[in-house]
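The values are calculated or read from the model by the stated rules, or taken from the named source; none is laboratory data. Everything numeric here is computed off the predicted structure, so don't read it as measured data. Here Cβ is always computed from backbone atoms with ideal geometry, including for glycine, and neighbour counts include all displayed protein chains. SASA here: full protein model, heavy atoms, side chains in, ligands and nucleic acids out. Shrake-Rupley method; radii C 1.70, N 1.55, O 1.52, S 1.80 Å.
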Amino acid sequence: MFEEAQYFAPVATRDDGTVEVELAKSHPGFSDPVYRARRNAIAALAVNHVPGAPIPTAAYTEQEHEVWALVSRELAVKHRKYATAEYLDAVERLRLPADRIPQLQEVSELLEPLTGFRYLPAAGLVPLRDFYGVLADGFFHSTQYIRHHSTPLYTPEPDVIHEVIGHANALASDRYARLYRLAGGAARRVESEEALEFVSKVFWFTLEFGVMTDQGELRAYGAGILSSYGEIEEFRGMDVRPLDLAAMGTTKYDITKYQDVLFRADSLEHLEDVVGGFWADCDDDSIAKLIAGAR
Ligand SMILES: [Fe+2]
């Protein structure tokens, strides 16, 4: 029943070059002009970023650093209980700051010596083929804004807490980072939109919302679960099914609604064999067969 961190607010560039993030009326920051101005400024950093240049520094307020400190502290407690050993080891390797929001450039510099991954700023939703494709080269597109301070434990969109606490920690693991790269290779290799969507759904149900048997119990490795304070305690009670490529690639999900079906790997080796193996050599034909078999 995951409702956090799913929906990207649209970003528009006006004729005069100004960048505007269109927050929904229900967004916790909708009526806060100061927050909205900051969101627009942060989105403009990504829109105007030149590939290869350092990621520009985002201006965060003290209140926002406090949001990071609070969520980071609370999630760390929950991770000890609910995250896989591989993820917890990666947290120790990356050593993100706990008391303030790290700049994406800093995250990139912490990550690169570990697994070669670097961050790229994203203003909002990145087209599927770009988002996944560059994973093959060790790049990860990331939003830079943080949730509104009035709701520190909830966000309707993927914010820097999701992108960094969820994904960068996972990307600090050699084994998870290899899976991200394989997903990127698969997205580059497939040609049809149908096959690309299949690859992205397998990513969704594994690297975003994956769970596995670890230390004798059900633990999470997906970034969407591990960055979601409100819902991390709920995954063990959800509809948890065995890892199944055809089912993951064809299960309908609505990113704006509750996430209630999860897929469980028996172990990290199992995940690598089934999902890593699939991404390593899938193509349009093999995916069409999986889709046909699922009908
Ligand atoms: Fe994500």
With VAL21, VAL67, VAL77 as the choices, which residue is modelled with pLDDT of 95 or more and closer than 15 Å to ARG147 by Cα?
-> VAL67
How many of the residues making up the range 32-61 are buried (at least 16 other Cβ atoms within 10 Å of the Cβ) and not in a helix (DSSP H, G or I)?
-> 6
Go through ALA247, ALA292 for me and flag whichever is away from the ligand (no atom under 16 Å from the Cβ), in a helix (DSSP H, G or I), of a type in the set (A, V, I, L, M) and in contact (Cβ under 8 Å) with a residue 40 or more places away in the chain.
-> ALA247
Looking at (1) closer than 19 Å to GLY276 by Cα; (2) surrounded by fewer than 20 Cβ atoms within 10 Å (Cβ to Cβ), which is the one condition that is false for LEU120?
-> (1)
In the range 62-99, which residue that is open to solvent by less than 90 Å² (accessible area, probe 1.4 Å) and without any contact (Cβ under 8 Å) to a residue 40 or more places away in the chain is farthest from GLY210 (Cα to Cα)?
-> HIS65
Condition test on THR213, is it away from the ligand (no atom under 16 Å from the Cβ) and among the hydroxyl-bearing types (Ser, Thr, Tyr)?
-> yes
Note on LYS25: of the conditions (1) under 20 Å from PRO102 (Cβ atoms); (2) open to solvent by 40 Å² or more (accessible area, probe 1.4 Å), unmet is (1)
Only listed residue being in contact with a Phe, Trp or Tyr (Cβ under 6 Å, 6 or more places away or on another chain) and among the basic types (Lys, Arg), chosen from ARG118, ARG178, ARG129 | ARG118
Hey, any hits in the range 156-176 for a residue that's at pLDDT 95 or above, open to solvent by less than 30 Å² (accessible area, probe 1.4 Å), under 19 Å from ALA83 (Cα atoms) and polar (S, T, N, Q)?
-> yes
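Just the residues that are within 28 Å of LEU70 (Cα to Cα), open to solvent by 30 Å² or more (accessible area, probe 1.4 Å) and at pLDDT 90 or above, please, taken from the range 235-269.
Those that are within 28 Å of LEU70 (Cα to Cα), open to solvent by 30 Å² or more (accessible area, probe 1.4 Å) and at pLDDT 90 or above: ARG236, GLY237.
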Hey, any hits in the range 217-232 for a residue that's on the phi < 0 side of the Ramachandran plot, out of contact with any Phe, Trp or Tyr (no Cβ under 8 Å at 6 or more places or on another chain) and of a type in the set (Lys, Arg)?
-> no
Looking only at the range 124-145, which residues are under 20 Å from HIS65 (Cα atoms) and in contact with a His (Cβ under 9 Å, 6 or more places away or on another chain)?
-> SER142, THR143
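Yes/no matrix, rows are residues, columns are (1) hydroxyl-bearing (Ser, Thr, Tyr); (2) within 11 Å of the ligand (Cβ to nearest atom):
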site: HIS148; (1), (2): no, no
site: THR151; (1), (2): yes, no
site: THR155; (1), (2): yes, no
site: VAL164; (1), (2): no, yes
site: ASP174; (1), (2): no, no
site: ARG178; (1), (2): no, no
site: ARG188; (1), (2): no, no
site: GLU194; (1), (2): no, no
site: GLU197; (1), (2): no, no
Name the residues in the range 106-117 that are surrounded by 18 or more Cβ atoms within 10 Å (Cβ to Cβ) and assigned to a helix (DSSP H, G or I), would you?
-> VAL107, SER108, LEU110, LEU111, THR115
Please go through the range 231-244 and pick out each residue that is within 16 Å of the ligand (Cβ to nearest atom) and outside any helix (DSSP H, G or I).
-> GLU231
State the number of residues belonging to the range 184-197 that are out of contact with any Cys (no Cβ under 8 Å at 6 or more places or on another chain) and surrounded by 23 or more Cβ atoms within 10 Å (Cβ to Cβ).
-> 2
